[in-house]
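> Can you keep this structure in mind? I'll have questions shortly.
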Amino acid sequence: MGRKLLTVLLAMVMALAIAGPSLAGDYPSKPIKLIINFSAGGTTDTAARLMSSKATEVLQQALICMNKPGAGGTLGVSEVARAKGNGYTIGTCNMPAVAIIPQIRQVPYKPFKDLVQVCAVMPYEYALMVRGDSPWKTWEEFVDHVKKNPGKVTYASVGTGTTNHLVTARIGKELGLDWKHVPFQGGVKETAALLGGHVDIINNTTASVASSVKAGKIRVLLVTSEDRLKMVPDVPTMKDKGFKFSQISYMSIVAPAGTPQAALDKLSAAFKAACEDKGVIKACGKLDLHPKFMPGKQYQAMLEQLSTEWGALLPDLGVKVNK
Amino acid sequence: MLETLSNAASQALTLMNFFGAALGIFLGSLLGAIPGLNGTMAIALLIPITYTWSPLFAIAMLVGCWKGSVYGGSISAILLNAPGTPEAAATALDGYPLTKQGKAGKALKMALYASVIGAVFSDTLLMVASPPIAALALMFGPAELAMLILFALVVVAGTGAKSQIKGLISTALGILLATVGLDPMTTQQRFTFGSIDLDAGIGLLAMLIGLLVMSEVLIQMEEGWKDAHAEVMVKSDDPDASRVTWAELKGSLGTIFRSSILGSFCGALPGVGSITAAFMGYDQARRLSKHPERFGKGEIQGVAAPEAANNAVCGAGLIPLVTLGIPGALSAAVIMGAFMIHGLAPGPMLMVEHPETIYGLFMLLILSDFFMLVIPLPLMKLGQWVISVPRAYLFPVILALCVIGAFGTHQNLFDVKIMVFFGVLGYFLKKWELSPAALLIAFILGPMAEVYLRQALKISGGDPSIFVTKPLAALFLALAVGAIVWTTLRNRRDKKAAQGRVLSSEPTAQGQKVE
């Protein structure tokens with residue numbers, strides 16, 4: 001009897017562990033797999049899950065979220081590129097995974113051939129930030145400090161070849177700043193290093209540090225994404241300061257190349273509804289995330305342009321390029 | 001303040017929330033106890049479900065699940081020498097020898113008591129001392145962390161190996177394997193051989209399942225080849241073999257307390273983690289013991305120390321999360337998602353904007369620690385019964401679970417291949433008496449040492465004096481040097497003593513190893 005019980009128990013555990021989406025004809029006729037290319041608990045994951053609940057309502061089919069994080073988002077994206085283009089596997093995507101990283105190192109997908117951008121759903125918002133108790137109240141004061149102390153000031157990014165790194169390096173190049181880049185593995189460690197006073201300035205997404213900004217522990221000096229932030233409306237953007245570029249990366253939805261146009265249209269409409277849904281906007285707003293829809297074709301063109309623009313600059317910014 | 005606390009209590013201390021915490025602990029310890037499956041997987045599977053629940057219920061359940069799994073891992077570590085979770089790798093070192101002596105019940109209960117004490121200690125710190133601890137944690141920048149990790153590497157390298165040389169071989173192999181993936185500073189590929197799957201490095205969980213669980217199955221299969229119906233466990237009729245005596249608990253309290261402090265410290269530092277905590281806890285117990293030679297052979301303090309340390313990581317891991325918005329441990333990062341989806345943005349404003357929810361959560365956490373004294377008891381019984389099942393029936397099931405566990409974390413078949421590779425490697429490591437545990441800890445600490453060292457040198461502009469001019473960095477560097485000197489001196493003394501013995505009495509012992 002004991003042995004039987006054990007067999008049943010273990011079988012139940014196994015069944016639980018391998019219970020995945022059940023596979024079952026007009027699109028969508030079965031659940032859609034959404035591969036999130038960052039880990040559970042982060043901003044991309046949270047935004048994707050908040051949006052997918054609304055998109056599920058519109059599509060009348062479940063979106064099954066799966067996290068496939070790692071290697072700057074390329075792991076998740078390559079999984080989408082590898083999938084069948086039938087509309088049942090889609091994923092989230094960040095700008096560097098398509099426009100920058102493939103120029104730095106080998107990736108098993110051709111970013112503009114194997115993937116199609118369904119739509120962009122949310123611009124990531126970035127800024128250059130210093131500690132709340134640091135003496136620099138404005139961007140000019142900080143630049144002044146760097147110029148007076150050549151080779152002493154450190155800036156941190158979330159890794160080499162990320163937009164955080166490239167944009168900050170390019171700012172330094174245009175202003176002729178002699179400062180040092182310290183790459184961290186992700187925003188969490190970067191923020192900890194700033195708060196602990198181990199680096200002088202960081203470029204990070206603003207949503208992840210919203211609470212610290214409100215508490216005065218972190219001061220935003222310059223908004224590096226395109227538009228001013230709801231969180232700190234008085235802080236100038238790079239455009240305000242006369243720079244001709246900014247830090248543009250959207251969270252977008254990608255599908256494998258060959259996905260039928262009808263499916264792409266339906267998916268795009270569902271995510272448009274999600275981006276414009278009051279409930280989604282409110283839930284995201286609490287986390288300082290601000291969904292904004294952009295059609296896939298428009299975003300794809302933008303990515304191609306960004307890819308050329310940044311690609312030409314990489315060697316100048318000290319990044320090794322993959323030949 | 002009092003009003004906040006009473007409101008927090010009325011919000012948190014409901015039957016439903018208790019049920020959530022209890023359910024979390026049960027699920028966590030169950031999945032933790034099953035070799036191959038683990039708590040991180042349980043939390044990742046649970047998290048999307050919790051999005052529609054109340055924040056307290058959801059977070060209490062997730063944290064319960066985390067704690068439960070950290071304890072649960074010790075059950076299979078002790079009974080089968082196959083740690084159910086990576087945190088329990090150090091627990092197996094003395095837990096399994098105890099099982100072989102028929103003292104499985106004693107080891108399981110000691111692990112439970114130590115776990116609960118560690119958890120209560122850490123949750124209390126979380127509730128009363130979060131701001132100063134968070135401030136202390138922030139003082140650890142790249143230079144300080146580099147030296148701290150160096151110190152950790154010096155003290156725990158080679159744990160579980162038969163000799164120093166074999167310990168060093170395992171350590172070097174672990175560090176080498178950890179370099180696979182993207183270079184942390186330049187993000188160029190290293191040893192990836194064109195495989196995108198390797199860009200993310202060798203998956204820790206998949207590797208662990210292979211190295212610690214599958215290898216053990218292979219070893220024990222071989223042992224059981226001749227007698228497939230042999231039972232794994234020795235039975236003992238001594239009632240003391242299945243309980244912790246008062247004297248043993250009292251004797252272990254110092255160790256448990258020190259381990260709790262160590263564990264809380266490791267938890268509060270972002271990225272150091274519970275595996276490191278467990279090994280450091282084990283090491284301090286061995287070093288400060290009057291009988292260090294008993295460790296690895298079934299010393300009860302060797303079970304208490306890592307279990308108190310790894311459970312103390314959980315509560316403290318939430319300290320930087322609630323005060324700074326920075327998760328202190330891997331599972332804390334996943335739990336951060338549960339905070340966010342409920343509109344609780346982690347960071348310094350959390351306590352200001354939602355004090356009742358946060359204090360309510362703290363109370364719930366401390367209370368749920370006491371549930372841990374009761375909830376895993378049936379699992380213990382079940383576990384002891386499972387190992388009385390003949391190996392021929394048990395091991396195929398464990399192997400299947402290893403495959404599921406390796407696949408389940410990221411639904412990636414590549415992880416299964418990694419698991420099998422390390423299963424076979426682990427088999428040979430065990431055969432050659434090279435400690436898989438030493439490889440594991442080096443695999444975890446090696447890349448940290450590399451990243452922090454290179455970051456610190458970037459900050460200083462290549463000047464190594466940063467490691468001595470920063471006081472905390474200098475302190476840990478001195479500790480590391482001190483530990484090397486101390487070990488060398490002790491080894492020399494032991495050698496002399498051993499030679500003395502050889503010369504004076506037993507001529508037959510001459511050929512024996514003395515290390």
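The values are calculated or read from the model by the stated rules, or taken from the named source; none is laboratory data. As the structure is a computational prediction, the values presented were derived from the model and not from experiment. Methodologically, a virtual Cβ is constructed for each residue, glycine included, from the backbone with ideal geometry; neighbour enumeration extends over all protein chains shown.
> Every residue in the range B:332-387 that is part of a helix (DSSP H, G or I), under 21 Å from B:Leu138 (Cβ atoms) and within 11 Å of chain A (Cβ to nearest Cβ), please.
Hits for the range B:332-387 are B:Ala332, B:Ala333, B:Ile335, B:Met336, B:Phe339, B:Met349, B:Leu350, B:Met351, B:Val352.
> Here's another thing I want to ask about it. So if I check each of A:Gly311, A:Gly279, which one is surrounded by fewer than 18 Cβ atoms within 10 Å (Cβ to Cβ) and either in a loop (DSSP other than H, G, I, E, B) or more than 14 Å from chain B (Cβ to nearest Cβ) (or both)?
None of the others qualify; the one that does is A:Gly311.
> Then there is this: Return the total of residues in the range A:177-215 being under 16 Å from the mean Cα position of the chain (by Cα), within 10 Å of chain B (Cβ to nearest Cβ) and among the polar types (S, T, N, Q).
Residues in the range A:177-215 being under 16 Å from the mean Cα position of the chain (by Cα), within 10 Å of chain B (Cβ to nearest Cβ) and among the polar types (S, T, N, Q): 2 in total.
> Additional query: Please work out which residue is modelled with the highest pLDDT, limiting yourself to the range B:75-97 and to residues that are over 22 Å from B:Leu262 (Cβ atoms) and among the aliphatic types (A, V, I, L, M).
Looking at residues that are over 22 Å from B:Leu262 (Cβ atoms) and among the aliphatic types (A, V, I, L, M), I get B:Ile75.
> Same structure again: In the range A:127-148, which residue that is in a loop (DSSP other than H, G, I, E, B) and more than 12 Å from chain B (Cβ to nearest Cβ) is nearest to A:Leu306 (Cα to Cα)?
Only one residue tops the list, namely A:Thr138.
Matching residues to (1) modelled with pLDDT under 90; (2) farther than 30 Å from A:Ala210 by Cα; (3) touching a Pro at 6+ places or on another chain (Cβ under 9 Å):
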site: B:Lys235; (1), (2), (3): yes, yes, no
site: B:Ser242; (1), (2), (3): yes, yes, no
site: B:Ile261; (1), (2), (3): no, yes, no
site: B:Leu269; (1), (2), (3): yes, no, yes
site: B:Ala285; (1), (2), (3): no, yes, yes
site: B:His291; (1), (2), (3): yes, yes, no
site: B:Ala308; (1), (2), (3): no, yes, no
site: B:Ala312; (1), (2), (3): no, no, no
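> What helices (runs of 4 or more DSSP H) lie completely within the range A:53-123 and have 2 or more residues being over 24 Å from A:Lys282 (Cα atoms), within 13 Å of the chain's Cα centre (by Cα) and within 14 Å of chain B (Cβ to nearest Cβ)? Let's see the steps before the verdict.
Numbers: elements: A:74-82, A:95-99, A:101-104.
Correct list: A:74-82, A:95-99.
> Among the residues of the range B:471-489, is any hydroxyl-bearing (Ser, Thr, Tyr), closer than 22 Å to B:Thr85 by Cα and at pLDDT below 90?
no
> I would also like to ask the following. Tell me, which helices (runs of 4 or more DSSP H) lie completely within the range B:389-489 with 3 or more residues that are within 14 Å of another protein chain (Cβ to nearest Cβ) and farther than 25 Å from B:Leu37 by Cα?
Values: elements: B:391-410, B:413-431, B:436-460, B:466-469.
Ranges flagged: B:436-460, B:466-469.
> Taking the stated definitions as given, is A:Gly151 in a loop (DSSP other than H, G, I, E, B) and either of a type in the set (S, T, N, Q) or in contact with a Pro (Cβ under 8 Å, 6 or more places away or on another chain) (or both)?
It is false that A:Gly151 is in a loop (DSSP other than H, G, I, E, B) and either of a type in the set (S, T, N, Q) or in contact with a Pro (Cβ under 8 Å, 6 or more places away or on another chain) (or both).
Here is a yes/no grid of residues against (1) within 14 Å of another protein chain (Cβ to nearest Cβ); (2) within 21 Å of B:Ala278 (Cα to Cα); (3) surrounded by fewer than 22 Cβ atoms within 10 Å (Cβ to Cβ); (4) among the basic types (Lys, Arg):
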position	(1), (2), (3), (4)
B:Gln101	no, no, yes, no
B:Ala104	no, yes, no, no
B:Ala107	no, yes, no, no
B:Gly118	no, yes, no, no
B:Ser122	no, yes, no, no
B:Leu125	no, yes, no, no
B:Val154	no, yes, yes, no
B:Gln188	yes, no, yes, no
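> Are any residues in the range A:214-229 closer than 22 Å to B:Met336 by Cβ and surrounded by fewer than 24 Cβ atoms within 10 Å (Cβ to Cβ), and if so, which ones? Show your work before the answer.
Going through the range A:214-229, the residues closer than 22 Å to B:Met336 by Cβ turn out to be A:214-218, A:220, A:229.
Correct list: A:Lys214, A:Ala215, A:Gly216, A:Lys217, A:Val220, A:Leu229.
> Another question, then. A:Ala301 - would you say it is more than 14 Å from chain B (Cβ to nearest Cβ), on the phi < 0 side of the Ramachandran plot, assigned to a strand (DSSP E or B) and modelled with pLDDT of 90 or more?
Against the criterion (more than 14 Å from chain B (Cβ to nearest Cβ), on the phi < 0 side of the Ramachandran plot, assigned to a strand (DSSP E or B) and modelled with pLDDT of 90 or more), A:Ala301 does not qualify.
> Hey, can you tell me all the residues within the range B:67-76 that are closer than 11 Å to B:Asn310 by Cβ and of a type outside the set (Ser, Thr, Tyr)?
Here is the first cut: in the range B:67-76, the residues closer than 11 Å to B:Asn310 by Cβ are B:67, B:69-71, B:73-74.
Residues satisfying the conditions are B:Lys67, B:Val70, B:Gly73.
> Now for a different question. Out of (1) among the aliphatic types (A, V, I, L, M); (2) within 17 Å of B:Leu205 (Cβ to Cβ); (3) assigned to a helix (DSSP H, G or I); (4) under 20 Å from the mean Cα position of the chain (by Cα), the odd one out for B:Leu98 is which?
In the conditions (1) among the aliphatic types (A, V, I, L, M); (2) within 17 Å of B:Leu205 (Cβ to Cβ); (3) assigned to a helix (DSSP H, G or I); (4) under 20 Å from the mean Cα position of the chain (by Cα), B:Leu98 misses (2) alone.
> If you go through the range A:18-36 one residue at a time, do you hit one that is of a type in the set (A, V, I, L, M), in a helix (DSSP H, G or I) and modelled with pLDDT of 75 or more?
no
> If B:Leu148 passes every condition in (1) closer than 18 Å to B:Pro270 by Cβ; (2) modelled with pLDDT under 90 but one, which one does it miss?
(2)
> Still on this structure, I have one more. Could you please find all residues in the range B:190-203 being modelled with pLDDT under 85 and either surrounded by fewer than 19 Cβ atoms within 10 Å (Cβ to Cβ) or more than 12 Å from chain A (Cβ to nearest Cβ) (or both)?
B:Gly194, B:Ser195
> Before we move on, is A:Leu195 closer than 25 Å to A:Gly242 by Cα and surrounded by 19 or more Cβ atoms within 10 Å (Cβ to Cβ)? Before you say what the answer is, go through the steps one by one.
Details: closer than 25 Å to A:Gly242 by Cα: no; surrounded by 19 or more Cβ atoms within 10 Å (Cβ to Cβ): yes.
The answer is no for A:Leu195.
> If you scan the range B:150-183, which residues turn out to be over 17 Å from B:Ala449 (Cα atoms) and of a type in the set (A, V, I, L, M, F, W, C)?
If the condition is that a residue be over 17 Å from B:Ala449 (Cα atoms) and of a type in the set (A, V, I, L, M, F, W, C), then B:Ala161, B:Ile165, B:Ile169 are the ones that fit.
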